[in-house]
Every structure is written in C-alpha cells, then in structure tokens.
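Asks: My questions will all concern the structure given below.
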Amino acid sequence: MKVTCFSSFTFAYLNRARVLYSTLRKFHPDWNLVALITDEPPPGFRFDPASEPFDQVVYAQDLGIPDFKAWLFKHDVVEVCTAVKGPFLHQACATDADVVIYLDPDTALFSSLSPLLELLAANDILLTPHLVDANTDHQAIFDNDLSASRTGIFNLGFVAVKAGGEGARFGQWWNDRLLEFCYDDIPMGLFVDQKWCDHVPALFDKVKVVRDPGYNVASWNLSQRQVAIGRDGAIIVNGSPLRFWHFTKLGPTGDAMTKRYAGDNHAVYEIWRWYKEQVAAASETAIPERYWAYGVYGDGTPITKAHRLIWRDRADLRARFPDPFSVAGGGYLGWLMDEGLAERPAA
C-alpha cells in the first residue's frame, strides 16, 4: 500500500516539522513524506531539501491555485496554511497513492500508525474528535467542550483518506470549500479548515470516527486521558499505546493548559520536555522567529489583518491592484496610506 503523508507549514515551523518527519521516518520508512510549504526561504538561510527528513517539497504556489498571490493575500498565515491542505489532498488523491494522510507540523509519532491503514480497509475517511470522553468539571467543559463547539468537533491536525471513493470525493469537496471559505471567523460559523468537517459524517459514507485515546493526544483532552510511561519506555494512554501527540501552542499558552489538565501526571511533563528538546535541536538561528515571507509588502512593511480583510471584502480594490504585495507606483499599500488606513513611514 502506497501512503503519502504530508504536513503544511512555513519556515518558522520548520523545526517542528523536522521533529514530525523524523518520527514518521522512524516508524514508517516506506511512506512518501511531503512538506507543503507556503513560504519562501528567509535571506541568509540555505534550504537544502535533500538534507531534510522528508522526501519531497511542494510549494503552495505550485498547486495551480488561480491568481495565487491575490488569493493568498486574503488570508493570514494560519488561514492560508490550512487552506492549502484541501488542494494538496485533492491532487494527491489523483496520484498513485492508495492513502493520503495529513498531520500538523506540531505533532510527533510515538508508535506506528499502521492500525489506521487497517481501518481504511473498511472505511474511506478517518477523523479524530477533540474529545472522546465527556468532561464533568466545569472548567474543563468551558475550556474544552465549548471550545470544540466553536472551532469544530474534529481536530484537523489529522485526517486520513483512501485515495478513491468517498475519500477522493471528500478531497474535492474540501478543496472547493477551503479555496473560498478558509477563514478564522467564528461569528460567521468558520474556523479555517476545521469547522467545515463537522459536516463530514452527514455528507459522506464510510466515515470512521477514531475514538482510540492514543491518537491526537493534546491539552484539550488531557482532562480525560491518563498517560503512563512503562519501564520499557512504551507510553500508554488510558490503556492504549500512544500513537501521536499534538503539541499545540508550544510556549506559555501550551504550558499553562497542559499544566492545568496534566496535574500530577508526570509522564506528560516528561513527554513535553522531550519535545521541547527536539524542537530546540532542530531550530535554525538563520530563521527569524515568526518569519513569513508573505507577511510583508514588497518594501518590508508588515501586512496587518485589517489590510487583508479590506482586500478580501473589496472587489474594486482587487481589480485595481492585482498584486497587493507590490508597492510599485504606490500599490495597495499606497492606497491604504492615502485613506489613512496605514501609517506612512517616518521621513
């Protein structure tokens, strides 16, 4: 069975992606590992794909998205890195792959994912919900249950599909939705790529909700998952092998939420310590923190979320400035300055 496994990220997340792909390579050396990058290498950083733990690099601009730069400008970095997942998955289903799997760059494997391939013998689409056990504590309900209700029942840091049948039909549908409606706009019922997948069990057949607690362990479900490390180093979650952990919001926020729900479960802190060490070892000083090539205009001026929203909502501006990144002749940035919506540089 030929498996294509991909992740979507920018160079600021290359360190996390390296950890993910290294663990994938450890347990699945025969899988085709693809890095989907919506970015350009930062100045001074020499990116050599041949020395990376993945097999192939696909840049988002090569996915054939019409008017790519104008389309990209409508999105912030999180929105666009999730939006491109649909087109890639859809196109990967048309290759010689039998199975296509997506994993977020801030995940890491701790044991084989082969049971997923067994599930795909009888199913075409696999999803993992944020929660597989009901919370009873009021704070946990507020933090986790209500959050999942707002942002989506399923966590799209993982999805796996059979490349034909309902899996391919899902790929086409997800492609179409994400090209047009992949925004972080919860009041409008949108949370990037994720909220859309609440519809999947209703719209598609052969959908399997993976309720095994060893998959997609994260701060949002630690309140109901007990983690233990055996003398042999094997990690067990509620009696099941830990398959992969989702290290969301690495830093103070992730630390706070993990501490809140891990409590005195010391195995959790040991796993987080290991992950932080791995990410640090995979980091590059030549990549600035939060770097993103598409986060600035052509002259280096930062692009604000408000600028993107105006562009997204105004067809006249999109027609007038077909390349919103360009500052030639003033460009879209010049228009914003004229309208008092962006500051002019100090003289």
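The values are calculated or read from the model by the stated rules, or taken from the named source; none is laboratory data. Worth saying up front: this structure is predicted, and the values here are computed from it rather than measured. Cβ: placed from backbone, ideal geometry, glycine included. Neighbour counts: every protein chain shown.
Asks: Got a sec? Which of V200, V161, V207 is in contact with a Pro (Cβ under 8 Å, 6 or more places away or on another chain) and aliphatic (A, V, I, L, M)?
Replies: V207
Asks: At pLDDT 95 or above, out of contact with any Leu (no Cβ under 8 Å at 6 or more places or on another chain), outside any helix (DSSP H, G or I) and not small (G, A, S): is that true of V19 in this structure?
Replies: no
Asks: Oh, and also: All but one of (1) modelled with pLDDT of 95 or more; (2) surrounded by 12 or more Cβ atoms within 10 Å (Cβ to Cβ); (3) over 26 Å from I37 (Cα atoms) hold for A342, so report the exception by its number.
Replies: Single failed check for A342: (1).
Asks: For the stretch 115-132, does any single residue satisfy the condition of being touching a Ser or Thr at 6+ places or on another chain (Cβ under 6 Å) and either in contact (Cβ under 8 Å) with a residue 12 or more places away in the chain or under 18 Å from V84 (Cβ atoms) (or both)?
Replies: No, there is no match, as no residue in the stretch 115-132 is touching a Ser or Thr at 6+ places or on another chain (Cβ under 6 Å) and either in contact (Cβ under 8 Å) with a residue 12 or more places away in the chain or under 18 Å from V84 (Cβ atoms) (or both).
Asks: Next question. What residue, among those in the stretch 186-225 that are exposed (fewer than 15 other Cβ atoms within 10 Å of the Cβ) and of a type outside the set (A, V, I, L, M, F, W, C), is farthest from G171 (Cα to Cα)?
Replies: Per the stated criteria, the residue is P187.
Asks: Next question. Of all residues in the stretch 288-317 being more than 23 Å from the chain's Cα centre (by Cα) and assigned to a loop (DSSP other than H, G, I, E, B), which is farthest from I229 (Cα to Cα)?
Replies: My answer is R314.
Asks: Since L33 meets every condition but one in (1) in contact (Cβ under 8 Å) with a residue 40 or more places away in the chain; (2) more than 15 Å from the chain's Cα centre (by Cα), which condition does it not meet?
Replies: (1)
Asks: Now for a separate question. Could you check the stretch 229-287 and list, in sequence order, the residues that are small (G, A, S), outside any loop (DSSP other than H, G, I, E, B) and more than 21 Å from V210 (Cβ to Cβ)?
Replies: Correct list: G254, A256, A262, A267, A280, A281.
Asks: For the stretch 77-99, state whether one or more residues are in a strand (DSSP E or B), crowded, with 18+ Cβ neighbours inside 10 Å and in contact with a helix residue (DSSP H, G or I) (Cβ under 7 Å, 6 or more places away or on another chain).
Replies: Yes, the stretch 77-99 contains a residue that is in a strand (DSSP E or B), crowded, with 18+ Cβ neighbours inside 10 Å and in contact with a helix residue (DSSP H, G or I) (Cβ under 7 Å, 6 or more places away or on another chain).
Asks: Residue pairs, Cβ under 7 Å, 6 or more apart or interchain, first in the stretch 277-302 and touching a residue at least 40 places away in the same chain (Cβ under 8 Å), second among the small types (G, A, S). List them.
Replies: Listed pairs, sorted by first residue: A286/G44; I287/A12; E289/A12; R290/A12; Y291/A12; W292/A12.
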